[in-house]
Amino acid sequence: MREYSDLKFSLLLYDTMLIFVGTQIASLSGSEKASFAFLESGIGGFLYLLLLQRSVDELPSSSERNPNQREGIFGQYKGPLSSLALAFAILGVKYYSSGDVPLKLTPREVVVGMMGFLVCKVAVILAAFKPMAIGLKENKK
């Protein structure tokens, strides 16, 4: 279990570092809008990783599983984090569909934003090959 918690920590840490480094590179080489697009989509990728970790943590082990117990249709989507994500999605759809705010995305912003989201995939590869250990290692004699 210790290795799994180290892997989760290193995954989120790598993702956070890559998001901030990528945002800085995008702001130096591009416009402010491109760096903001990278940051927004990077945060979206970070939230994706958090939701993925949470859903894996909630999976029952084979000894805990009861075949007669059934969850509802939305049983796997409970909790405050998924409710918050749902609220942001509804607010975003309502806000942008009203027509009050003109939404103009350039192709460059779309590509940079996509790269920001895909940073979470790079973090997964980094965490798989080079996980970071939390705390001090114990000496085995």
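Which of the following residues is modelled with pLDDT of 70 or more, within 14 Å of the chain's Cα centre (by Cα) and at negative phi: LEU105, LEU52, LEU81, LEU59? Break it down into steps so the answer makes sense when it comes.
Working: LEU105 fails: within 14 Å of the chain's Cα centre (by Cα); LEU81 fails: modelled with pLDDT of 70 or more; LEU59 fails: within 14 Å of the chain's Cα centre (by Cα).
Result: LEU52 is the single residue among LEU105, LEU52, LEU81, LEU59 that is modelled with pLDDT of 70 or more, within 14 Å of the chain's Cα centre (by Cα) and at negative phi.
Among all residue pairs at least 6 apart or on different chains, which show Cβ distances below 8 Å where the first residue, located in the range 38-60, is free of Cβ contacts under 8 Å to residues at least 60 places away in the same chain and the second is of a type in the set (Gly, Ala, Ser)?
Listed by first residue and then by second, the contacts come to LEU47/ALA85; LEU51/SER82; LEU51/ALA85; ARG54/GLY79.
For the range 109-129, what are the residues that are open to solvent by 80 Å² or more (accessible area, probe 1.4 Å) and of a type outside the set (A, V, I, L, M, F, W, C)?
LYS121
For residues that are open to solvent by 20 Å² or more (accessible area, probe 1.4 Å) and among the acidic types (Asp, Glu), tally how many sit in the range 7-41.
2
The values are calculated or read from the model by the stated rules, or taken from the named source; none is laboratory data. All of these numbers come straight from a predicted model, not from anything done at the bench. Quick reminder, even Gly has a Cβ in these numbers, built from the backbone with ideal geometry, and neighbours come from all protein chains shown. When the accessible area is computed, the model is the full protein with side chains, heavy atoms only, and any ligands, DNA or RNA have been set aside. Shrake-Rupley method; radii C 1.70, N 1.55, O 1.52, S 1.80 Å.
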